[in-house]
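Chemist: Attaching a single structure in structure tokens format; questions to follow.
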Amino acid sequence: MSDTTASTPLRVGVVGLGFAGTTALDAFSSLPGVEVVALAGQEDERLTHLAETRGVEGRYHDWEDLVARDDLDVVSVGVPNHLHAPIAIAALSSGKHVFCEKPLAPTGDLAQSMVDAARKADRVLEVAFNHRRRADVQFIRRYLDEHDIGRIYHARTSWRRRQGIPGLGSWFTNQAMAGGGPMIDLGPHMLDIALFLMDEPKVTRVSAVTYGELGRAGRGGRAAGATGGTRTFEVEDFASALLRLDTGGSIHLETSWASHSADEEDIAVELLGAAGGVRLFVRDYATDDTIRIYSDIDGVPATTVPTVHVPSGHHLKVIEEFLATIRSGAWADSYGDSALHRSRVLDAVYASAQQQQEVEVA
Ligand SMILES: NC(=O)c1ccc[n+]([C@@H]2O[C@H](COP(=O)([O-])OP(=O)(O)OC[C@H]3O[C@@H](n4cnc5c(N)ncnc54)[C@H](O)[C@@H]3O)[C@@H](O)[C@H]2O)c1
């Protein structure tokens, strides 16, 4: 392993060749002071293609062989959710920093074991909350820092699709491999953005429902290249939750992969403040006209429409921050604790839906 605070390049191994793995591979490869020296994944042709086009020498079918290398500074984890914990723990325990896809793990307990491993090894565990790095979300964060919209007592946050079960029958719809449906797939991003914009309150109690009407009937899927799985649909396709906060405020979090509704591919976050409000609405990954700010001017309701363009490359931004943390040599608050809280909240969502009652967040 190299001296990560010096100017020597950081040596990175990337696990996973799907959307997440390829996005991380391209982001790491594009940055100065980084060498991607190893790549792992089970699609042989794609492995060869990606390694050859990106100039990566080390190629592995199984993650264990990549993580066993003793010359890596960083392991990037972009594989089905159930493999995040074993890969991250093995990498952290052998002294590597880890960049992990969301959700941290299928359950809060597994997520806890990853955070424990990061703290014990004193290595960075960063999670790919790339949507938080969107230019419009960052604009809203700055707006809230500079303007007083009063106490934000409630947020509505959602990611809803009309027809978007990713790879119906792939690992995404397998309970053991994914840990759940859209709530664990899309929910982490939307919960992350809401908590980030609300100054990181803690979620204390959750009341939730989940349904799987379309997926169980074999409907609502979209052609996608996701891998693995058992060809079954074992998770929810719709979930809705009311989260109570330690501030006395609340969040309504809703996610759907498929529903007979006006939803298309809609990301929304609304903040209701005592003296103003903010709404982010992104239809089909729109890059412009996504923000509205609500206030009163002279007692008259007023709506402001900021012009914020949203370039792509949110993974690149979170990876840049991750590398900067490593290079700073100061990462005592970068062991994944905030991602762990998000995992505990998702646990509570599923527990509440199953028990049909409000439950406490661990
Ligand atoms: N942050 C985001 O915006 C975002 C977007 C998509 C997916 N994701 C997350 O990324 C992860 C992967 O999703 P995806 O869509 O890329 O999945 P995918 O099914 O397309 O790809 C999974 C990859 O993991 C590899 N893999 C599986 N088992 C392996 C093993 N034993 N050893 C080595 N490689 C192995 C497969 O070969 C495949 O290349 C998931 O956790 C998902 O939630 C995040």
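The values are calculated or read from the model by the stated rules, or taken from the named source; none is laboratory data. Note that the structure is predicted; figures quoted are calculated from it, not measured. Reconstructed Cβ throughout: ideal geometry from the backbone, glycine too, with neighbour counts over all protein chains shown.
Chemist: Identify, please: which residue in segment 74-95 is in contact with a helix residue (DSSP H, G or I) (Cβ under 6 Å, 6 or more places away or on another chain) and part of a loop (DSSP other than H, G, I, E, B) and is, among those, surrounded by the fewest Cβ atoms within 10 Å (Cβ to Cβ)?
Modeler: Looking at the filtered set, the residue picked out is 80.
Chemist: Follow-up question, since we're still on this one. So which residues in segment 198-220 are assigned to a helix (DSSP H, G or I) and acidic (Asp, Glu)?
Modeler: Listed by number, the list holds a single entry, 213.
Chemist: Being in contact with a strand residue (DSSP E or B) (Cβ under 7 Å, 6 or more places away or on another chain), within 15 Å of the ligand (Cβ to nearest atom) and not aromatic (Phe, Trp, Tyr) is the filter here, so list the residues in segment 21-35 that pass it.
Modeler: 21, 24, 25
Chemist: Here is a follow-up. Listed residues 135, 176, 121; which is within 18 Å of residue 351 (Cα to Cα), in contact (Cβ under 8 Å) with a residue 24 or more places away in the chain and surrounded by fewer than 20 Cβ atoms within 10 Å (Cβ to Cβ)?
Modeler: Of 135, 176, 121, the one residue that is within 18 Å of residue 351 (Cα to Cα), in contact (Cβ under 8 Å) with a residue 24 or more places away in the chain and surrounded by fewer than 20 Cβ atoms within 10 Å (Cβ to Cβ) is 176.
Chemist: Here's a follow-up. Among the residues of segment 73-89, is there at least one that is more than 28 Å from residue 112 (Cα to Cα), outside the structural domain of residue 176 (by TED's automatic domain parsing) and away from the ligand (no atom under 12 Å from the Cβ)?
Modeler: The answer is no, given that none of the residues of segment 73-89 is more than 28 Å from residue 112 (Cα to Cα), outside the structural domain of residue 176 (by TED's automatic domain parsing) and away from the ligand (no atom under 12 Å from the Cβ).
Chemist: In the set 93, 76, which member is hydroxyl-bearing (Ser, Thr, Tyr) and without any contact (Cβ under 8 Å) to a residue 60 or more places away in the chain?
Modeler: None of the others qualify; the one that does is 93.
Chemist: Could you list, ordered by first residue, the pairs with Cβ atoms under 6 Å in which the first is in segment 139-168 and within 16 Å of residue 194 (Cβ to Cβ) and the second is buried (at least 17 other Cβ atoms within 10 Å of the Cβ) and of a type in the set (Ser, Thr, Tyr), at least 6 apart or interchain?
Modeler: 154/250; 159/255; 160/256
Chemist: Under 6 Å between Cβ atoms, at least 6 apart or on separate chains: pull out the pairs that start in segment 337-362 with a residue that is surrounded by fewer than 18 Cβ atoms within 10 Å (Cβ to Cβ) and end on any residue that is of a type in the set (D, E, K, R) and not in a helix (DSSP H, G or I).
Modeler: Between residues of segment 337-362 that are surrounded by fewer than 18 Cβ atoms within 10 Å (Cβ to Cβ) and residues that are of a type in the set (D, E, K, R) and not in a helix (DSSP H, G or I), the close pairs are 358/205; 360/205.
Chemist: Let me ask something additional. Being of a type in the set (D, E, K, R), closer than 30 Å to residue 362 by Cβ and either under 21 Å from the mean Cα position of the chain (by Cα) or in the same structural domain as residue 204 (by TED's automatic domain parsing) (or both) narrows it down to one residue among 244, 231, 279; which is it?
Modeler: 244
Chemist: Of all residues in segment 302-327, how many are β-branched (Val, Ile, Thr), free of Cβ contacts under 8 Å to residues at least 60 places away in the same chain and assigned to a loop (DSSP other than H, G, I, E, B)?
Modeler: Of all residues in segment 302-327, those β-branched (Val, Ile, Thr) come to 303-305, 307-308, 310, 318-319, 325-326.
When the remaining residues are screened for being free of Cβ contacts under 8 Å to residues at least 60 places away in the same chain, the result is 303-305, 307.
After this cut, where a residue has to be assigned to a loop (DSSP other than H, G, I, E, B) as well, the list is 305, 307.
Adding up the residues that qualify gives 2.
Chemist: Of all residues in segment 221-236, which are closer than 14 Å to residue 161 by Cβ and either assigned to a loop (DSSP other than H, G, I, E, B) or among the β-branched types (Val, Ile, Thr) (or both)?
Modeler: Selection gives 223, 224, 236.
Chemist: Scan segment 198-230 residue by residue and report those that are within 11 Å of the ligand (Cβ to nearest atom) and either modelled with pLDDT of 95 or more or over 19 Å from residue 84 (Cβ atoms) (or both).
Modeler: Matches in segment 198-230: 224, 225.
Chemist: Being surrounded by fewer than 18 Cβ atoms within 10 Å (Cβ to Cβ) and in a helix (DSSP H, G or I) is the filter; apply it to segment 144-156 and report the residue that is farthest from the ligand (Cβ to nearest atom).
Modeler: Restricting to residues being surrounded by fewer than 18 Cβ atoms within 10 Å (Cβ to Cβ) and in a helix (DSSP H, G or I), the top hit is 146.
Chemist: It is to be established whether one or more residues within segment 270-281 are within 26 Å of residue 358 (Cα to Cα), at pLDDT 95 or above, crowded, with 19+ Cβ neighbours inside 10 Å and of a type in the set (D, E, K, R).
Modeler: No; the residues of segment 270-281 include none that is within 26 Å of residue 358 (Cα to Cα), at pLDDT 95 or above, crowded, with 19+ Cβ neighbours inside 10 Å and of a type in the set (D, E, K, R).
Chemist: Residues to consider are 275, 239, 286, 268; find the one that is assigned to a loop (DSSP other than H, G, I, E, B) and touching a residue at least 60 places away in the same chain (Cβ under 8 Å). Give the derivation first.
Modeler: Details: 239 fails: assigned to a loop (DSSP other than H, G, I, E, B); 286 fails: touching a residue at least 60 places away in the same chain (Cβ under 8 Å); 268 fails: assigned to a loop (DSSP other than H, G, I, E, B).
From the options 275, 239, 286, 268, the qualifying one is 275.
Chemist: Looking only at segment 332-355, decide whether some residue is under 30 Å from residue 8 (Cβ atoms), more than 19 Å from the chain's Cα centre (by Cα) and part of a loop (DSSP other than H, G, I, E, B).
Modeler: Scanning segment 332-355, I find at least one residue that is under 30 Å from residue 8 (Cβ atoms), more than 19 Å from the chain's Cα centre (by Cα) and part of a loop (DSSP other than H, G, I, E, B), so the answer is yes.
Chemist: Next up: Got a number for residues in segment 289-301 being part of a strand (DSSP E or B) and either closer than 22 Å to residue 182 by Cα or of a type in the set (Val, Ile, Thr) (or both)?
Modeler: The total comes to 4.
Chemist: While we're on this one: Would you say residue 195 is away from the ligand (no atom under 16 Å from the Cβ), outside the structural domain of residue 86 (by TED's automatic domain parsing) and assigned to a helix (DSSP H, G or I)?
Modeler: Working: away from the ligand (no atom under 16 Å from the Cβ): yes; outside the structural domain of residue 86 (by TED's automatic domain parsing): yes; assigned to a helix (DSSP H, G or I): yes.
Judged against the criteria, residue 195 is a match.
Chemist: With the requirement that a residue be within 9 Å of the ligand (Cβ to nearest atom) and either under 13 Å from residue 256 (Cα atoms) or surrounded by fewer than 19 Cβ atoms within 10 Å (Cβ to Cβ) (or both), what does segment 163-173 give you?
Modeler: 166, 167
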